[in-house]
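First up is the structure itself, then whatever we jot down about it.
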Amino acid sequence: MSASQSPPPPPPGDLPATRGPASPTGVPLAAPALRIVARFVDTMILLAFNVLIYAAVVGGSGGITGDYDEASTSEILLVTALSLLVSFAWDPTATKLTGGTPMKLALGLRVVRAADGGRVGWSHALVRWGVVAVWSLVPGIGLVIVGALLIVSVFFLFTNPRRQAVWDQVAKTLVVKVR
């Protein structure tokens, strides 16, 4: 081989599967910015559903612009239950059945088990959701704890080598980029 020729490329089996951090199966981990965008849009969609639920239950004939100051305890409990049901369908159910929330899937992201890169089970999906959902039910301090969890999770997305948010660490999951 002359000095001007480069050596042949390595065989395909010797090429690295990804650039940057990867799951145990070699699939690249999701970029922090994509995860943040997916979570933000999922949250905005859920917020819209919650506003509609609240308007339907409490608004009465006033519709979405009705007077909500007079909501009864039973109406607030019904709104809370319906909101949790929608959130449950959106996050853990979608994660278990399809591998992610609608926005994660739209952005080519998927939630997998950290140990082996396999599909998540109900326990993984419920724990990921529950880490935040449980605190959202606690009046007052719950909102502060949810905010702290989100801030710490964003920090972890950029500093943790496995790009795991708090809920990923507790549930032993990773978010990967599949397309």
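Before moving on, here are some points about what is shown:
- Checked against (1) surrounded by 16 or more Cβ atoms within 10 Å (Cβ to Cβ); (2) on the phi > 0 side of the Ramachandran plot, Gly140 passes all but condition (1).
- Selection within the range 4-32: residues that are surrounded by fewer than 11 Cβ atoms within 10 Å (Cβ to Cβ) and within 17 Å of Val175 (Cα to Cα). The member of this set that is modelled with the highest pLDDT is Gly20.
- Selection count where residues are among the aromatic types (Phe, Trp, Tyr) and modelled with pLDDT of 95 or more, scope the range 94-129: 1
- Check on Asp91, under 17 Å from Asn50 (Cβ atoms), of a type in the set (Asp, Glu) and at pLDDT 90 or above: yes
- Candidates Lys172, Lys104: the one that is more than 22 Å from Phe40 (Cβ to Cβ), of a type outside the set (A, V, I, L, M, F, W, C) and touching a residue at least 12 places away in the same chain (Cβ under 8 Å) is Lys172.
- Pairs where the first residue, in the range 156-167, is more than 10 Å from Pro32 (Cβ to Cβ) and the second is among the small types (Gly, Ala, Ser), C-beta under 6 Å, 6+ apart: Val166/Ser153
The values are calculated or read from the model by the stated rules, or taken from the named source; none is laboratory data. Remember, it's a predicted structure, so these values are computed and weren't measured experimentally. Note that each Cβ is placed from the backbone with ideal geometry, even for glycine, and that neighbours are counted across all protein chains shown.
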